[in-house]
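**Q** The structure is given below, and queries will be raised subsequently.
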Amino acid sequence: MLDIPTTAEPALAERTSGEQLHAASHLRRLEAESIHILRETAAEFRKPVMLYSIGKDSSVLLHLAMKAFHPGKPPFPLLHVDTTWKFREMISFRDRRARELGIDLIVHTNNDGLRQGIDPFTHGSARYTDVMKTQALRQALDLHGFDAAIGGARRDEEKSRAKERVFSHRSAAHRWDPKNQRPELWSLYNTMLAPGESMRVFPLSNWTELDVWDYILLEDIPIVPLYLAAPRPVVERDGALIMVDDERMPLLAGEEPHMRSVRFRTLGCYPLSGATVSTAATLPEIVREMMASRTSERQGRMIDRDSPASMERKKAEGYF
Amino acid sequence: MSYHEAPTIAASDAPRLDQDDRPTLRFVTCGSVDDGKSTLVGRLLYDSKTLLDDQLDALASESKTAGTTGGDLDFALLVDGLQAEREQGITIDVAYRFFATKLRRFIVADTPGHAQYTRNMATGASNAELAVVLVDARKGVITQTRRHSHILSLLGIRHVVLAVNKMDLIGFDGDRFAAITAEYLTMAGQLGISQVQCIPVVAPDGDNIVAPSARMPWYTGPTVTAHLESVDVSGDVSQRPFRLPVQWVNRPNAAFRGFCGRIASGTIATGETIAVQPSGRQTRIARILTPAGERDRAAAGESVTLTLADEIDVSRGDVLTAGAAPQVSDQLAAHLVWFDDEAMVAGRRYMLKCGTASTGAVITTLKHRIAIDTMAQKSAATLDANQIGYAHLSLDRALVFETYRDNRDMGSFILIDPISHRTAAAGMIDVSLRRATNIHWQRLAVDKFVRARLKQQRPCVLWFTGLSGAGKSTIADLVDRRLAELGRHAALLDGDNLRHGINRDLGFSNADRAENIRRAAEVAALFVNAGMIALVALISPYRSEREQARQRVETGEFIEIHVATPLAECERRDPKGLYRKARAGELPAFTGIDDPYERPQAPEITIDTSELSTDAACERIINYLRDNHYL
């Protein structure tokens, strides 16, 4: 288990103590809602799966799933779509967590894409994301016949996500039809599917980024150390700080990795994840930085920049 | 600075402890197209400093290219997140946005104004505690204002902010504002919306949104933000009787059996007595597991796992209750908001989902439809998309519920079209009804699988063959009744009864006997196509005829049951005196006496009633159906 200090500040330590965050509080209400959604998914679908991206939202989602089915194990496996370009620390964290929790982990890579040598540097982020993430995800869902895929997306992340249902219908071709979503009232979810169709389920829909960090702090949830500031080798490229995580990253003329104290607000493929200069090395420091922040977490994600509607289009095509 | 640098933290920026227990208010914005809903929400986000630098940069550049405000910041673009919405400058679906002030957190559902997207407005409103209804000051209260207010009222929303927008376009006319206010308050009173705060605003400029407007000094009430921060919307469901709709049975090992769900109302403590509905069986709470660990008690809103003191049958769809008994009925009356483009059809079967229970449901009668403009109750045969009505429903099995006004979680339901799987309607239960006497069924153009799924069964033929007096009809009759008790749909075709009707033109010649069996097999096949379980009780002595009957349906749909009571026993019973007559030569070619009975070579089930009671025989057949997933 990653040992994350949670008691750096007396004031912050006090927040997590005692009954302060009991039933009525904001985080417990979100927690209860998410657990309700996870149990509905387990009860209503033939073969659900939980998408595990190794990030902070996935960590919270996995933690909630462990709680929802305690003392049993979640009745679904984890699926990680591995592009082979994730940070090395993410992969070791993933394998360790699955082992510690005793949960089935399915790792899927688009081998067609690998054979074609698709990489984020030469093919551009749009093509790379489509082949190694969207197509890979669709392959994995089809291969195993999953009829519901649980993901950690939140509505505060991005404008098209803000429009999406908790139980979001996908056609047999994995397409999202944003103009024709099923009404979704109260906590009553229409889970009916025709053969080949599937559902994407988002238990964290009503959480904000700050809620996620507050909850990680409250529950002492293990996260990938890349979220905490540390000296790391980075180069500046297209206005972002990119960490040189392995020797596959081609350096352009004039680029030279410098050690800087950085952390990541979102984690994905290292060539597409912009770092933030920071010295916040503990969770309480991260939360405080968050509250004073003047930019959104997606600012560091290179793939959202391709066009204003790029997320909606990717989602319509089957991206998470 | 080209990349993002974390801000330096000053002591005063550190989170304040009291901010973390700020309550959350969930509210919805509604009103007609172009009344400025999205702009108002965008303005709230902007003024609450929720928008971050990169989002503001994106807004500024998009306002120039896609905005409808001549290059000024177009706040609607902050919430109209779909490509089609930005292209058309309208809102199609509900957007959920988050912001906070020093006093409260807010989750706002910004909903579309077009009548055709009313279902999305209802989606956003269903979980709201308060609604902000916008009207355009130039137009006042219009049809869409009435429609949305009516839906808010049905959904039980008692708190409304009437935001009279675009006051600048009527010269900040206080008299006009008063007239609109008066008209709205009259309507709200009729709808039972008790708490209305009317506020004149100019959403794009921020007048009376956060700061009081200097341009409307005659208005002395609160701003939108001040009202949202202070309004008391609490309605304590923890004071009502305990209700827990069972979502999931947790059985990780033989030693643990827990029942999971979110408490809909009330509180519960270990040791307290609860009843399982609809069975009514009672037991006590042994343990309460919550996400924060094992506890002695839990309250409404919590997702818990309960273990019980006794091993009693509980499954998903049951409700654990304490205190006053809930309603249990298969007949109810409810308000409906119709969503589907395919109009409501009385007599048609829909899937009803209420809490964690699902059942087939038929709308037996539409009592009335609401004429939105006059709010009058009109008689009508159907509801089209976006219309509101009041209907009686008949359910396939008894449902545990409460009225919607007593308990939202236990009194709300959705209707799902069984063919298209679209969510056809939302329902709010008004009252429980006694069983109606006249239920009209309408035929559907659907296949047997759809029908059978509605009945939660696999269609099949139970073909009882055996000597006269073997007990075929007695067993078949009991199986028929047992299936009805289980809520399954079966039809019994008894040889003697068939000869009174469809086969009354047939005698007992070999040709007529063969035709008798052929017709019974055809009728059974029709029932199977209707998704039903057909029980046929016929001597059917010849293998070839039984084989032909088997060929009439698909593989796995024909279950041959040999009622193999020995001839001596049948003759001893001789319930109709036929053996006596046959022995006396009065009945020629009587099976078993002077005509052969060809025993089945591989029947699915064999029953000898000289060894097995009728009840036990029936149980064996029901178990076979269960084990092989017909039930």
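The values are calculated or read from the model by the stated rules, or taken from the named source; none is laboratory data. This is a predicted model, so every value here is computed, not measured. Neighbour counts run over all protein chains shown; Cβ positions are idealised from the backbone, glycine included. We work out accessible area using only protein heavy atoms, side chains counted, and drop any ligands, DNA or RNA first. Shrake-Rupley method; radii C 1.70, N 1.55, O 1.52, S 1.80 Å.
**Q** Grab the alpha carbons of the range A:18-88, take their convex hull, and tell me the volume per residue in Å³.
**A** Dividing the Cα hull volume of the range A:18-88 by its residues yields 124 Å³.
**Q** Using square roots of five times the C-alpha gyration tensor eigenvalues, list the equivalent-ellipsoid semi-axes of the protein assembly as shown in whole Å, biggest first.
**A** Taking √(5λ) for each Cα gyration eigenvalue gives 59, 35, 26 Å.
**Q** I've got another one for you. On alpha carbon coordinates alone, what is the Rg over Rh value for the range B:28-164, Rh being the Kirkwood radius? Can you show the working numbers first?
**A** Details: Rg = 14.5 Å, Rh = 15.1 Å.
That ratio is 0.96, to two decimals.
**Q** Put a dot 7 Å past each Cα toward the Cβ at B:R284 and B:D173; how far apart are the dots in nm?
**A** Computed distance between label sites B:D173 and B:R284 equals 7.2 nm.
**Q** B:T606 to B:S315: FRET efficiency via 1/(1 + (r/R0)^6), r the Cβ-Cβ distance, R0 25 Å, to the nearest 0.05? Please list the in-between numbers first.
**A** On the way: r = 32 Å, r/R0 = 1.30.
With R0 = 25 Å, the Cβ-Cβ based efficiency is 0.15.
**Q** Continuing with the same structure: Please give the contour-minus-distance gain from B:R397 to B:S234: 0.36 nm per residue of separation, less the Cα-Cα distance, rounded to one decimal in nm.
**A** Separation in residues times 0.36 nm, less the Cα-Cα distance, equals 55.2 nm.
**Q** Also, I was wondering about something else. I'd like to know how chain A sits against the 2.2 N^0.38 Å rule of thumb: what's its Cα Rg over that expected value?
**A** Compared with the compact-globule rule of thumb, chain A sits at 0.98.
**Q** Also: Rounded to the nearest angstrom and ordered from largest down, what semi-axes does the equivalent ellipsoid of the range B:181-248 get from its C-alpha gyration tensor (root of 5λ)?
**A** Ellipsoid semi-axes (Å, largest first): 35, 17, 11.
**Q** Given a Förster radius of 30 Å and the C-beta distance between A:A281 and A:M66 as r, what FRET efficiency does 1/(1 + (r/R0)^6) yield to the nearest 0.05?
**A** Computed FRET efficiency for A:A281 and A:M66: 0.65.
**Q** What net charge is computed for the residues neighbouring B:D80, neighbours being all others with C-beta under 12 Å from the C-beta of B:D80, Lys and Arg scored +1, Asp and Glu -1?
**A** Charge balance in the 12 Å sphere: -2.
**Q** If I model a spin label as a point 7 Å beyond the Cα along the Cα-Cβ vector, how far apart are those points for B:V33 and B:K581 in nm?
**A** 7.8
**Q** Provide the percentage of antiparallel DSSP beta bridges, counting only those with both residues in the range B:48-185; round to the nearest 5.
**A** Around 50 percent of the beta bridges assigned by DSSP in the range B:48-185 are antiparallel ones.
**Q** Using a cut-off of 23 Å between alpha-carbon atoms, which lysines can reach A:K179, once sequence neighbours fewer than 8 places away in the same chain are excluded?
**A** List returned: A:K159, A:K163, A:K314, A:K315, B:K37.
**Q** Modelling each spin label as a point 7 Å along the Cα-to-Cβ direction, I'd like the B:E554/A:S171 distance in nm, to one decimal.
**A** Those two pseudo-labels are separated by 2.6 nm.
**Q** Another question, then. At 0.36 nm per residue, and after removing the present C-alpha to C-alpha distance, how many nm does the segment from B:L506 to B:H629 gain when stretched out fully?
**A** Numbers: separation 123, 0.36 × 123 = 44.28 nm, distance 3.70 nm.
Extending this stretch completely gives an extra 40.6 nm.
**Q** To check you understand DSSP bridge types, tell me what percent of the beta bridges within the range A:100-241 (both residues inside) are antiparallel, rounded to 5.
**A** Within the range A:100-241, antiparallel bridges account for around 65 percent of the total.
**Q** If r is the Cβ-Cβ distance from B:R543 to A:E89 and R0 is 60 Å, what FRET efficiency results, to the nearest 0.05? Before the final figure, lay out the partial values.
**A** On the way: r = 72 Å, r/R0 = 1.20.
The pair B:R543/A:E89 has a calculated efficiency of 0.25.
**Q** Let me ask something additional. Return the percentage of antiparallel bridges among DSSP beta bridges fully within the protein assembly as shown, rounded to the nearest 5 %.
**A** If I count the DSSP bridges inside the protein assembly as shown, around 65 percent turn out antiparallel.
**Q** I would also like to ask the following. So if I take the alpha carbon set of the range B:329-443, get Rg, then get Rh from the Kirkwood formula, what is the Rg over Rh ratio?
**A** Here Rg/Rh amounts to 0.93.
**Q** Something else: Given the rule -39500 (n - 2.57) for each run of at least 4 DSSP H residues, summed and divided by the residues of chain A, what is its mean residue ellipticity at 222 nm, to the nearest 500 deg cm²/dmol? Don't skip to the answer; put the middle values down first.
**A** Values: 10 runs with 100 residues, N = 320.
Result for chain A: -9000 deg cm²/dmol, rounded to the nearest 500.
**Q** Give, as a single signed number, the net charge of other residues whose beta carbon lies under 11 Å from the beta carbon of B:I363, with Lys and Arg counted +1 and Asp and Glu -1.
**A** Numbers: positive: B:R348, B:R349, B:K367; negative: none.
The answer is +3.
**Q** Short version: ³J(HN,Hα) in whole Hz for each residue of the range B:208-222, in order, from phi by Karplus 6.51 cos²θ - 1.76 cosθ + 1.60 (θ = phi - 60°), x for Gly and Pro, what are they?
**A** Once θ is set to phi - 60°, the couplings for the range B:208-222 become 6, 8, 9, 9, x, 7, 6, 8, 10, x, 5, 8, 10, x, x Hz.
**Q** Counting pairs of alpha carbon atoms under 8 Å apart in space and at least six apart in sequence, what relative contact order in percent does chain A give? Provide the component values of the computation, followed by the final result.
**A** Numbers: 508 pairs, mean separation 69.6, N = 320.
Answer for chain A is 22 percent.
**Q** Give me the extension gain from A:A253 to A:D220: residue separation times 0.36 nm, minus the current Cα-Cα distance, reported in nm with one decimal.
**A** 7.6 nm
**Q** Quick one: if you take sqrt(5λ) for each eigenvalue of the C-alpha gyration tensor of the range B:580-631, what semi-axes come out, biggest first, whole angstrom?
**A** Semi-axes from the Cα gyration tensor: 32, 14, 9 Å.
**Q** When the helices in chain B are scored as -39500 (n - 2.57) per DSSP H run of 4 or longer and the sum is shared across all residues, what 222 nm value do you end up with, to the nearest 500 deg cm²/dmol?
**A** -7500 deg cm²/dmol
**Q** For the range B:512-579, what's the radius of gyration and Dmax over Cα atoms, in angstrom?
**A** Rg and Dmax of the range B:512-579, Cα atoms, are 13.9, 40 Å.
**Q** If the convex hull of the alpha-carbon atoms of the range A:117-172 is projected onto planes in all directions, what is the mean projected area in square nanometres?
**A** Working: hull surface 20.6 nm².
It is 5.1 nm².
**Q** For the range A:200-217 and the range B:387-402, compute the distance between their C-alpha centroids and round to whole Å.
**A** 36
**Q** Counting just the Cα atoms, what span does the range A:57-160 cover along each of its three principal axes? Round to the nearest Å and put the largest first.
**A** Taking the Cα atoms of the range A:57-160, the three principal extents are 47, 33, 30 Å.
**Q** Let me ask another. Roughly how many percent of the accessible protein surface of the range B:169-261 is carbon and sulfur, given a 1.4 Å probe and a whole-percent answer? Please report the intermediate quantities before stating the final value.
**A** Numbers: 2250 of 4310 Å².
That fraction is 52 percent.
**Q** Calculate how large, on average over all directions, the projected area of the Cα convex hull of chain B is; give the answer in nm² to one decimal.
**A** 38.4
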